Amino acid sequence: MYTIGADPEFLVEDVPREHVRTFAAMLNYLVERVRSGNPVATGHTVQSLEGLRFVAEQLSGGALRDALDNRCTRCQRGASIVLLRLVVPLSLPAAVTAPASTDGFEPFGGVAHRL
């Protein structure tokens, strides 16, 4: 799932069909938050009301091009995209679990902020 017409755009991958409304509500919340002057940056954590926890990653280079070409196909070509990686699913069924690795990314270390 991804946003269209926001700045930046938000992308969430592998959304289970039964949780589309939950994810859509979170994306809408983030868009409104950014529009009100509260940016979402790499390392920020986001937790939905349902207990889903994500870490934000600003895409760049090849990852950004891939997202625009293959996943966010309705976004403008020069769009900025923030990928939201599911890291701690607190209330989803066991079938929807966070990956064992976050590709070396430390979501809760350093200057991470909870939104």
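Nothing in this text is a laboratory measurement; each read-out follows from the coordinates by a stated rule. On a predicted model such as this, the values are computed, not experimentally measured, just so you know. Here the Cβ is made from the backbone with ideal geometry for all residues, glycine too, and neighbour counts use every protein chain on show.
A few notes on this one:
- The stretch 9-89, Rg to Rh (Cα coordinates; Rh as Kirkwood inverse mean 1/r): 0.94
- For Arg35, net neighbour charge (Lys/Arg +1, Asp/Glu -1) across residues whose Cβ lies under 15 Å away: -2
- ³J(HN,Hα) computed for each position of the stretch 33-43 - Karplus, 6.51 cos²θ - 1.76 cosθ + 1.60, integer Hz, glycine/proline x: 4, 5, 4, 8, x, 10, x, 10, 10, 3, x
- Inter-site label distance for Ala63 and Val20 at 7 Å from Cα along Cβ, in nm: 2.7
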